[in-house]
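The structure appears below as structure tokens.
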């Protein structure tokens, strides 16, 4: 059954957007829903050539989506459109798999149990399965309520709740689900360390404890010599001096999340006695470092997990982290200005921080040892070897005049390895080498502009390489977009790859009037597919109202692909987007895959290789433009043959990324049927066809000579089983099937060719 999505666009912000997005892109001239399926294309069943069109059999009824002045209309079970549905910025997404939900549930159960002398798990005194299920629910309930969902959080909120929380089955149909105040992820109280501004949250699930974390930055209360944080902007005179990083914890992905404490984190991991108390070691451990926490002469016992690893320290029932510090809702985990200068063993770095960034240098009467080091945009990462990392940006402040990126290893999620803190990126420099100084040795200057901002960090490990993505310029810039740097080590040095490989999503060197400001982002895997979620402007050309106020941002998503790049000698990350046209939804949701990859493909092209048609990439940036296939002669024919029949539902024929080689119309698409479709009531035939399939005219900006990313000729139809598909595109020198920047200009022989960047044929192999 066809599920139709009608998304009305009559809100003020959406109207602003539609002024530049041109609803006619999904015009009715691309639909043939009223075609008679019994109509045949001629008196032959073997195929004929008619004015460059190869057609035979009956006309295939199809739909390509449509638009009126009021709404888009398309099959939401199969396709997505990056509309402005979620108000927010700095997205972070997480998938809660049934396997992870089960593991988290079982670890939570174990926290109510202990191991007896026979090595058998027993319920602690006064606890039972019935009591546990009354408090938390059954595993079946968890799987139903929490499992197989994508969760999303975005910047927003303050005291009383932070970060609107959404969830979806398909990455596009999002529903509010926050358990704090009916919409927020974190239940922030007046007793917590953070006030006011809360920015850029990040999900991660800890596989060791089974707990779910949200790392975030917020402005601290005003600190002093007795607190674990420094002064905020009300004291220093700069609004964001107090920005600090910490985390919140929940036993399940839905929450509500609570500002992290050592007790919440370690209780679930610690060995227990039968009475539920923590089973500690027998030897008291010197806690000399606790002089920072008001207990200079304290001693504590080691706390172990069930594998015998030391995970914490305990004094009279109070947990301390591996740094021997108290972690409470009043104590941020990554208070860099407070802790780093006390703990790092590199005296050079410490002295540099004191000399340059100490609050004593502000001349406002503060005389305690704390530095101004505001931090934002934290990205938690677990390496393939289990190493835990945090990446974050140091924010512009009283002392810092730019946003730079740092990295630090974590001994666990609330115990930073302070000695590992490393500066990895700064604006307008290709790389940074940790030379023992606090700021590091700056590499060569970039040949491209980055403004004064490197932020919005996300890091991926892939095939032995570390890919560090960041956004330059700042969130109010149209050019705010993910750039990429690469290293062999999670702590760098990272080498920025520049405009030859960046941005992976967003405005590059070409004009774009439909998606701008696509910077701060996150990555998420859906099945075998890698996706990027990013924010973008409501109004892509001028995102300010009449009074100059910034209108805000919304969330978009598109596919990413890894592709081996000989010039680099390793895989590179490329994005399909940003898109504002119909694209296939995640394959895990549709139940279909791209069957073009199973076909033998032949063509008459003399540019590129046919393998480019199924490499997953349409040419979204100029540096991917050579991965196209086409003909310089004005006639391109491509034939796909499947040894095993495939059932198909739709196709996208992606256009060239260059307007010089783009086509307005696919002359014909003909299919050889493996069997008569159940829905077809006409005479017996081996073939069916679509003739003169148009692309969407508003996917092309002829005045700027730019093709919109993801532009394609597409068709959706009832399922049918085929063994062959033949595509024919004919272009002429009189511009009937070409785009120009002046209507009365004809192409000469240099630009009479036609190219295709990708084929996506939605379907499945039969009998597999």
Before we move on, is residue 195 in contact (Cβ under 8 Å) with a residue 12 or more places away in the chain, over 20 Å from residue 520 (Cβ atoms), crowded, with 23+ Cβ neighbours inside 10 Å and touching a strand residue (DSSP E or B) at 6+ places or on another chain (Cβ under 8 Å)?
no
Quick check: is even one residue across segment 137-144 surrounded by 23 or more Cβ atoms within 10 Å (Cβ to Cβ) and more than 26 Å from residue 272 (Cβ to Cβ)?
no
Would you check if residue 241 is outside any helix (DSSP H, G or I), in contact with a helix residue (DSSP H, G or I) (Cβ under 6 Å, 6 or more places away or on another chain) and more than 21 Å from residue 101 (Cβ to Cβ)?
yes
If you take the residues of segment 426-452 that are modelled with pLDDT of 95 or more and closer than 15 Å to residue 391 by Cβ, which of them is surrounded by the fewest Cβ atoms within 10 Å (Cβ to Cβ)?
426
Output the residue which, of all residues in segment 678-698 that are buried (at least 24 other Cβ atoms within 10 Å of the Cβ) and under 32 Å from the mean Cα position of the chain (by Cα), is modelled with the lowest pLDDT.
696
Look through segment 540-566, keep the residues that are surrounded by fewer than 23 Cβ atoms within 10 Å (Cβ to Cβ) and touching a helix residue (DSSP H, G or I) at 6+ places or on another chain (Cβ under 8 Å), and return whichever of them is nearest to residue 462 (Cα to Cα).
552
Subset of segment 409-425 [more than 13 Å from residue 322 (Cα to Cα) and crowded, with 21+ Cβ neighbours inside 10 Å]:
421, 423, 424, 425
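Hey, among 182, 161, which residue is at pLDDT below 95, surrounded by 15 or more Cβ atoms within 10 Å (Cβ to Cβ), at positive phi and in contact with a strand residue (DSSP E or B) (Cβ under 8 Å, 6 or more places away or on another chain)?
The conditions single out 161.
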With the checklist (1) outside any loop (DSSP other than H, G, I, E, B); (2) at pLDDT below 95; (3) within 29 Å of residue 302 (Cβ to Cβ) in hand, flag the one item residue 235 doesn't pass.
(3)
Examine segment 100-111 for a residue that is farther than 30 Å from residue 279 by Cβ and surrounded by fewer than 19 Cβ atoms within 10 Å (Cβ to Cβ), and state whether such a residue exists.
no
Residue 610 vs. criteria over 30 Å from residue 76 (Cα atoms) and in the same structural domain as residue 707 (by TED's automatic domain parsing)
yes
Scanning segment 60-77 for residues that are modelled with pLDDT of 75 or more and surrounded by fewer than 22 Cβ atoms within 10 Å (Cβ to Cβ) gives 61, 62, 63, 75, 76, 77
What's the total number of residues in segment 569-609 that are closer than 25 Å to residue 708 by Cβ and part of a loop (DSSP other than H, G, I, E, B)?
13
Can residue 264 be described as within 23 Å of residue 215 (Cβ to Cβ), surrounded by fewer than 24 Cβ atoms within 10 Å (Cβ to Cβ) and out of contact with any helix residue (DSSP H, G or I) (no Cβ under 6 Å at 6 or more places or on another chain)?
yes
Residue satisfying condition, being crowded, with 17+ Cβ neighbours inside 10 Å and either over 21 Å from residue 331 (Cα atoms) or in contact with a helix residue (DSSP H, G or I) (Cβ under 8 Å, 6 or more places away or on another chain) (or both), within set 372, 378
372
Given 709, 637, 691, which one is more than 17 Å from residue 64 (Cβ to Cβ), part of a strand (DSSP E or B) and in the same structural domain as residue 598 (by TED's automatic domain parsing)?
637
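Does residue 546 meet the test of being in a loop (DSSP other than H, G, I, E, B) and farther than 29 Å from residue 716 by Cβ?
Yes.
Name the residues in segment 287-304 that are crowded, with 20+ Cβ neighbours inside 10 Å and at pLDDT 95 or above, would you?
Taking segment 287-304 first, the residues crowded, with 20+ Cβ neighbours inside 10 Å are 290, 298, 300, 303.
The one that is crowded, with 20+ Cβ neighbours inside 10 Å and at pLDDT 95 or above: 303.
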Quick one: is residue 516 part of a strand (DSSP E or B), surrounded by 18 or more Cβ atoms within 10 Å (Cβ to Cβ) and touching a strand residue (DSSP E or B) at 6+ places or on another chain (Cβ under 7 Å)?
no
Taking the condition touching a helix residue (DSSP H, G or I) at 6+ places or on another chain (Cβ under 6 Å) and crowded, with 17+ Cβ neighbours inside 10 Å, does residue 629 pass?
yes
Which condition number does residue 684 fail, the rest of (1) part of a strand (DSSP E or B); (2) over 13 Å from residue 62 (Cβ atoms) being met?
(1)
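Suppose we keep only residues that are in a helix (DSSP H, G or I) and modelled with pLDDT of 85 or more within segment 305-346. Which one would you say is surrounded by the fewest Cβ atoms within 10 Å (Cβ to Cβ)?
Applying the first criterion (in a helix (DSSP H, G or I)) to segment 305-346 yields 336-343.
Restricting the remaining residues to those that are modelled with pLDDT of 85 or more gives 336-339.
Details: 336: 25, 337: 26, 338: 24, 339: 22.
Here the residue is 339.
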Number of positions in segment 500-513 that are in contact with a helix residue (DSSP H, G or I) (Cβ under 8 Å, 6 or more places away or on another chain), assigned to a loop (DSSP other than H, G, I, E, B) and surrounded by fewer than 21 Cβ atoms within 10 Å (Cβ to Cβ)
4
As an exercise: evaluate residue 649 against (1) assigned to a strand (DSSP E or B); (2) closer than 23 Å to residue 634 by Cβ and give the number of the one condition it does not meet.
(2)
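The values are calculated or read from the model by the stated rules, or taken from the named source; none is laboratory data. Since the structure is predicted, the reported quantities are computational estimates derived from the model, not experimental observations. Quick reminder, even Gly has a Cβ in these numbers, built from the backbone with ideal geometry, and neighbours come from all protein chains shown.
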